[in-house]
Each structure stands twice: as structure tokens, then as C-alpha cells.
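Structure first, then comments.
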């Protein structure tokens, strides 16, 4: 691509890889600070468009260079601004993070949106954070044609990578794996009945997770009733330990996370429960160490038993599988980068003005010359004069829009005007 | 008509090629969840389905009867109904991942039909079998068999998914196949349609047999009732106290009985259902 070293698209950023958490904390932006920084960047003419992405793992400023740089290197000007804005010594900022321009900046944003730059490869949260950063910048009036298009592209690409590759399809956390397994037995977990054994930290994590997933029937059985009642304060029912065998046949999923040193659920108890369930499956998640559920329960028909080691092994395998999907994800990214730059290249001033002139000339030839040829009574000499007149008229009509685009000092506004001209005169050839 | 370029045989060959292409895209869609592969699968299937219908229509028009009075024609119609059932399943349950396993049934039967019909001309041998009662009997029977074929595929998928969950081998199929309870639900829908259609077909067949043969009795009738009984059991798992795995295995047994009835009984035992 031609838009490289002198590209008006710039990015400066600091993430968990290169930057210690202390510095990241100082470079973080609250939503108000984002608005304030974007306003100042545009006011000083450093950027004509800008988006700030600030999460716990990264702070990044994306922008289209402005007209107030006065020959300064835009990246240096940006880091210098951020140093002033955050009150962090410039040398500290300069020594960490990354800076990209043109294709590299676009590639980085698309990688971020796809989850390729995340701590947990392929995680989903980042796409929401990119969307929020874009929304915030748009709300502050800091995005126009280019960044609007770029961030839309990033969000689309993030979605495409997630749907067309296995980068995010398999969970890599233990609760995530447990939920995925349960959902392969019972598709909709919300109406299912859950029985949690124990009321400790792990039980509490799963209780919250189930509530977040919309589970409506949660029962907790614990040796100390008061603790299970405490856990059930946001919904669900607490039962004393003695009720375990009686509650078991009513459950679809049993999550056991007690600190007992022996099995609390025997094969015999499970067998009785399954007999009462008349063929309905029962999913046991044994998260206890040592194991709470007798391993032979897994041999029973209609019983599915997974212990914490099994979940860990699956999570690790899924992590490896996600790494294998980086190649296909990058292929999608490169395709989308090409599409973006074919639009961006067409948006550049010279191709737009050439296309505009060609369009007018085509109309002149089609509408004027052809009709003139039909008027045979006009002598050839006069016809030539009329033709020259038409050409001169086209030049006059084009002068104002051409100057308005060409002479705009702010690069962002210049591209904006080119985009408007392409839109108004139907010049779009975007290859998409 | 039969030998023209756009005759039933040529159209059936085009249909076969379209089914093959649809199968390719559906496998690709299963492997990589790319929406364009899914759209290509459904588009090709729809096109094949329409052309297949046209081929059946031309065949029927040529002999002025329903297009399943001989074995090749019945196999072609069966393939068409399998795709119809799959379409209903996709529209009703929004579940298309079973495509790669269902389309081969249609492919198999259409391919066999084309091979059995090489150079053959369809001829109606008896005016009795061109009446509306006979037509409805055969149509409902084939709809029933097609739905039960679908239930066979779903039962197999249930067993595969069940095995994967138990063995902790959670590969591509695990993530792309539906949950066990969804497969059970789909299976149940297919069995209900299959058993209902087969029951209607049997009753109509009995009436037709009484009128034309003077008797209800045919060995095929016994087999059909046995098949219906097997499938009826799969609809009452709680009454049996059976889990999904046993029900799926019973369903597979039912399908084996269908295959036996459709091949051995039709060809060698029952004179009334032999297409001779």
C-alpha cells in the first residue's frame, strides 16, 4: 500500500506486554478524560480525528493527523501531549509502548478488535471495549469519515474472525469449560435445576455465574446451613446437608465444591437419584480437591461426570487450539485491511479529483457532443466553438469543488470533503 | 420426453450434482462456521429440490401416474422427501448442522435410482396402481420413511455427541453439533411425523388391498406394524425409564427394520410390494 510512512493515520499505545502496570495506571483515561483529551488534541490541531481506547490492559490513541503540527513528527507531538496531559515525564512515555502509522496502525487495531492482542487470546470483552471507545469519540464529535470507517471495519472484522475461525469458539477458563459442557447436555440452562454442594469460594463463583446466565432454580446444600443461606440471599434455596439425597433427583446439574476429604456423593446415591429421574440425564461437576464424587458415578448411564482435572485439561487443549487459529484469523485481517485501504486510497485527494473530472467529461461527451452531432444544420466551425464552450463550462463548474478539496489545510477535513464529493457525484469505487 | 435433453433423467443427474455440491458446502460449513458456506448449502439445496421436483413431475406426466410405481422412481421420490423433511427441520428448529449427515441419504437414493433406471423406460403395468388411493398410500409411506431416516441420522448424532461428552474428546463435531436435549427434541419431531405418516399409509394400504386383493394380509403389513411399534416406544422414554442413549439405539434398530422391509421384504418376500 502506498499509505505508509507519511500516512496521516497514527497510533500510540501502551499495553500489558511492554508497559509495567504502574505506568499503565498513570496513562489510563476515564470517559471524562477521554472527552477532555480528544477536545484538546483537536483544539491544538495535533489530530483532526481521534479515538482513545483505554482498558485495564491498554491505553491507545488512534488518530488522523491535524493541521497544527507545523512540521513536527505527529507521533512525537502526540506522546509529548500525553506526557503533559497525564503529568508523566516524556522520557518515561517514550521508553515504553508502541507507535504505528498507516497499514501497521490499522493492522494493530484490527488485531486488538479480533482479540489477537489480548492477554487471554481471542477473548470477547475487547470488542465491546472497542465499540465503547468508538461510541465515546463519536459522541464527542472526534470522528469523521476516516476513523468512522476504520472503527466500523475493526468491529466487523472482530465479529468475522469470531464467527469464521475457532479463535473464540472454545472457552479457556474452568467455569467457561464447565458451562460449555453443561450446554452440550442442556442447551438452555436458564430453566434447568442446579444443586450446589458446599458454600465456599468456588461455590460462590459458580453461583454468581449461574445467576448471570439467567438460572432460576438454584439450590445449595451445605453442612452449615447458615452459610448456604448466606449464599442464597440473591435467589435460590438453602438446604441442610441431610437433604442431599432427597434433592439430588430434582437436579439437572450438580456442582460439588466442598472441602470434604472423602467422597460426599456415592455411586449408590447417584444411582437411586437417576432411577427416580426415569432416564433424564444428570450432569455432575466435581470441583473438589480431593474429589467429592465417587469416580464410578461416571460409569452410570445418563450420568455425566467431570472432575476439575478434566476441565483443566480441556481448557489447556482449547488454549492450544486458539493458537492454531491465529493464521486463519490473520488471513481475514489482511483481507479486511486491503479493503479498507482500497477505500482509503480512493478517498485521497488526487484520485477523487481525477474521478470527478472524468465523470464530468463523460457526462459532457454523452449528453452534449452526441446531441450536437444530431444538429446537422450547424456549420462545422460553429460546432467546434460550441464544443469549446462546453469544455470551458465544465472547467468552471469544477473549479470551486476542486479548490475546496485541494486547498483545505487540515488533512482530515480534506479527506472528509473528498468523501462528500465522492458521495454526491457517485464516484464510489470501493472494491467492497 | 424421456430421452430429451431436459427429460427426467438429465434433470435427475443435474439434481445429483447439485446435491453433491451442497454436501461439499455443508461439510465446509460444519468445519468452518462461515456464513457464506451455509448460504451456499441452502441455495444449492433449494435449487436441487426444485429441479428434482420437476424431474419427478416429468416422470409422472410421462406415465400418467405417481412417479413411484417402480423401484427407481420410488427411490428418487424418497430422496426428494428426505430433503423436504430436512428443510422442514431447518425451518422448524433453526438447526442446520445435521445437513452433512442428511444429504448423503438423498444422494445415495437418487444415485441408486439413476443406476437402476439406466436406459429404462417407466411403464405402468396395472391401472389399479394409478388411482388416488394408491397414490396417497405410497406418498404417505415414503414421507414416513423419509422422516424416520432423518430420525435415524439424528439418533446417530445423539450417540456420537453422547460418546464425545463421555470420552472427553471435544473436537470440532462436539462444538458444532447441537446439545443432547436438542437432538432428542429433533429426533422426537421426526419420529412423530414418521410414525403418523406411516400409520396413515398403512390404513390406506389396507383399504386398497381389501378392494384390489380381497384380503388385508401381506407380510409387508406385519413388518410395517412392527416398525411403528418400535418407534412408538421411542416416544415414551419416561414410561420406559430409558435415557437418551437407549432411545437412540432403539431408533437405530427401527431403521434397520425399515431397511430390511424396504429391501429384503419388498424384493424377495412380499409380492404385493415388489415393484414387479
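Take every DSSP beta bridge whose two residues both sit in chain A; close to 45 percent of them are antiparallel. Each of B:181, A:73 has some number of other Cβ atoms within 10 Å of its Cβ, and from fewest to most they run A:73, B:181.
Using only Cα atoms and rounding to the nearest 10 degrees, what angle (0 to 90) does helix A:102-114 make with the longest principal axis of chain A? So the helix axis and the longest Cα principal axis differ by about 30 degrees. Taken over the stretch B:1-111, the ratio of Cα radius of gyration to 2.2 N^0.38 Å equals 1.08. Helix A:267-277 axis versus longest C-alpha principal axis of chain A: approximately 70°, rounded to the nearest ten.
In this simple spin-label model, placing a label point 7 Å from the Cα along the Cα-to-Cβ direction at both residue B:13 and residue B:163 gives a separation of 3.8 nm. For the stretch B:211-236, the residues whose backbone nitrogen is under 15 Å from a point 7 Å from the Cα of residue B:92, taken along Cα to Cβ, are B:235. Extending 7 Å from the Cα toward the beta-carbon at both residue A:212 and residue A:326 defines two label points whose distance is 2.7 nm.
At q = 0.05, 0.06, 0.09, 0.13 Å⁻¹ the log10 of I(q)/I(0) for chain A amounts to -0.32, -0.44, -0.75, -1.07, computed by Debye summation with a single uniform scatterer per C-alpha, solvent ignored.
Once you sort the root eigenvalues of the Cα gyration tensor of the stretch A:1-139 as a ≥ b ≥ c, which label holds: rounded (a/c under 1.5), prolate (a/b larger than b/c) or oblate (the other case)? The shape class here is rounded. Mean residue ellipticity, 222 nm, helices only, the protein assembly as shown: the sum of -39500 (n - 2.57) across DSSP H runs of n ≥ 4, divided by residue count and rounded to 500, is -20500 deg cm²/dmol.
Highest mobility in the GNM of chain A, judged by mean-square fluctuation with C-alpha springs under 10 Å and restricted to A:403, A:382, A:92, is found for A:382. Using a cutoff of 8 angstrom between alpha carbon atoms and counting only pairs six or more residues apart, the relative contact order for chain B works out to 17 percent. Using the Cβ-Cβ distance between residue A:301 and residue A:33 with R0 = 60 Å, the FRET efficiency computed as 1/(1 + (r/R0)^6) comes to roughly 0.50. Look at A:82, B:235 and count the other Cβ atoms within 10 Å of each Cβ; fewest to most, that gives B:235, A:82. Once you have a ≥ b ≥ c as the square roots of the Cα gyration tensor eigenvalues for chain B, tell me rounded if a/c is under 1.5, and otherwise prolate or oblate according to whether a/b is larger than b/c. It is oblate, given that a/c is not under 1.5 and a/b is not larger than b/c.
Computed from the Cα positions only, the extents of the stretch A:301-432 along the three principal axes stand at 99, 40, 23 Å, in decreasing order.
Counting only other chain Cβ atoms within 10 Å of each residue's Cβ, the peptide B:175-181 averages 5. The value of relative contact order for the stretch B:1-111, using C-alpha pairs under 8 Å at least six residues apart, is 31 percent. Across chain A, C-alpha contacts under 8 Å between residues 6 or more apart give a mean separation that, scaled by the residue count, equals a relative contact order of 14 percent. Computed as a quarter of the hull surface, the mean projected area of the alpha carbon convex hull for the stretch B:126-276 stands at 10.0 nm². Once the Cα atoms are used to define both axes, helix A:174-183 deviates from the longest principal axis of chain A by about 90 degrees.
Going from the residue with the fewest nearby Cβ atoms within 10 Å to the one with the most, B:204, A:155, B:91 rank B:91, A:155, B:204. Who wins for biggest fluctuation among A:374, A:183, A:18 in a Gaussian network model of chain A, springs between alpha carbons below 10 Å? Maximum fluctuation in the GNM of chain A, among the listed residues, is at A:374.
In whole percents, the pair-distance distribution calculated for the stretch A:174-317 from its alpha-carbon pairs, binned every 10 Å from zero, is 12, 47, 37, 4. Once both labels are positioned 7 Å from their Cα atoms along Cα-to-Cβ, the gap between residue A:75 and residue B:239 label points is 7.5 nm.
Set the Förster radius R0 to 35 Å, insert the Cβ-Cβ distance between residue B:256 and residue A:123 as r into 1/(1 + (r/R0)^6), and round the FRET efficiency to 0.05.
0.15
For the stretch A:348-424, the percent of C-alpha pairs falling in each 10 Å distance bin, counted from 0 to the bin holding the largest distance, reads 18, 40, 23, 15, 5, 0.
Every read-out reported here was derived from the displayed coordinates using simple, explicitly stated rules and does not represent laboratory data. Quick caveat, the model's predicted, so the values are computed rather than measured. Quick reminder, even Gly has a Cβ in these numbers, built from the backbone with ideal geometry, and neighbours come from all protein chains shown.
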